[in-house]
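Since the structure comes first, as C-alpha cells, the remarks are kept for the end.
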Amino acid sequence: MEKLDLLAIRDKITALDSELLSLLAQRRQLSTEVAQFKLNTHRPIRDKKP
C-alpha cells in the first residue's frame, strides 16, 4: 500500500468519525426531548417492553 493510499483511507476514517459524532449528538438531543416530554406528561422514562 502506498503512502497516498494510506492517507486517503485515514481521511475517510476521519470523515466517518465526524459523521458518527454528529449522529450521536443528534441522538442525544432527541433522547433529551423524549425525556422532557415524558417528564412533562408524567409518563415513566422507560417504556414497558411488549
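A short reminder: the numbers here are calculations on the coordinates, not readings from a lab. Everything numeric here is computed off the predicted structure, so don't read it as measured data. Cβ atoms come from the backbone with ideal geometry, glycine included; neighbour counts cover every protein chain shown.
Find the Rg to Rh ratio for the chain, where Rh is the Kirkwood radius over alpha-carbon pairs and Rg uses the same atoms.
Details: Rg = 19.3 Å, Rh = 13.9 Å.
My calculation of the ratio gives 1.39.
Based on DSSP loop calls and a cut-off of at most 10 other Cβ atoms within 10 Å, the longest stretch of the chain free of exposed trypsin sites (Lys or Arg not before Pro) is what? Spell out each step's value before the answer.
On the way: sites that count: Arg46, Lys48.
The segment 1-45 is the longest one with no such site.
For the chain, what does the helix formula give at 222 nm: sum of -39500 (n - 2.57) over DSSP H segments with n ≥ 4, over the residue count, nearest 500 deg cm²/dmol? Mind dumping the intermediate values first?
Details: 1 runs with 38 residues, N = 50.
About -28000 deg cm²/dmol.
One chain, two ends: Ala25 and Leu4. Fully extended at 0.36 nm per residue, the span grows by 4.4 nm beyond their Cα-Cα distance.
Count neighbours as other Cβ atoms within 10 Å of each site's Cβ, and list the GluC sites (Glu not before Pro) in region 2-50 that are DSSP loop with at most 13 such neighbours. Write down the numbers at each step before the final one.
On the way: sites: Glu2, Glu19, Glu33; in loops: Glu2.
Passing both the DSSP loop test and the Cβ count: Glu2.
Please list, by residue number, everything in region 1-30 whose backbone N is under 17 Å from a paramagnetic label point 7 Å out along Cα→Cβ of Asn40. Counting backbone N atoms under 17 Å from the label point, the list is 29-30.
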